[in-house]
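So the structure is just underneath, and the comments pick up after that.
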Amino acid sequence: MFVLLSLLAVACGPEQPKLEQKKMVSVLSDVMVMEAGHQVKYNYGILPDSIWVRDYGFVCKKHGVKYDDFKAELSRLKANPAEFDVVMEKVITQLQLAEMNARKVNQ
């Protein structure tokens with residue numbers, strides 16, 4: 001009985017991340033750049049889902065991540081706002097560092 005309850009507790013416990021936080025930060029950083037590029041390229045227009053699926057798939061492939069794992073992890077994070085905040089703060093920091101490095105190169 002104890003084993004059954006232990007297995008049930010593990011099965012009903014918090015959902016485990018599909019991606020490591022560091023990997024998710026890298027993927028989301030590229031996703032943010034991709035989405036910003038779409039806003040500029042398509043003048044904030046509504047895009048067909050096929051473009052989003054294609055481009056999210058491209059970013060996931062670049063990082064060696066399965067698209068379904070990315071979507072599952074994003075859903076998990078949306079259900080855990082405090083953890084999502086931590087991840088997004090790291091994404092913002094990574095993007096700021098990339099911008100600073102790009103400015104140094106262009107000076």
Exercise. So how tilted is helix 2-12 from the main axis of the chain? Cα-based, degrees 0 to 90, rounded to 10.
Worked result: 20
Exercise. Based on DSSP H runs of at least 4 residues, each adding -39500 (n - 2.57), what is the mean residue ellipticity at 222 nm of the chain after dividing by all its residues, to the nearest 500 deg cm²/dmol?
Worked result: -26000 deg cm²/dmol
Seminar exercise, completed: Here the stretch 18-105 gives, from Cα atoms, an Rg and Dmax in Å of 13.6, 39
Exercise. Which chymotrypsin sites (Phe, Trp or Tyr not before Pro) does the stretch 8-107 hold that lie in a coil by DSSP with at most 10 other beta carbons within 10 Å?
Worked result: Y44
Exercise. Could you give the longest part of the chain that holds none of the GluC sites (Glu not before Pro) found in DSSP loops with at most 16 neighbouring Cβ atoms within 10 Å?
Worked result: 21-107
Seminar exercise, completed: For the stretch 42-92, the dipole about the Cα centre with charges only on Cβ (Lys and Arg +1, Asp and Glu -1), to the nearest 20 debye, works out at 180
Exercise. Among G64, G37, G45, whose mean-square fluctuation peaks in a Gaussian network model of the chain (Cα, cutoff 10 Å)?
Worked result: G45
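Taken together, the values in this text are just the output of simple stated rules run on the coordinates, not laboratory data. Just so you know, these numbers come straight off a predicted model, no measurement behind them. Please note: Cβ atoms are built from the backbone with ideal geometry, for glycine as well, and neighbour counts cover all protein chains shown.
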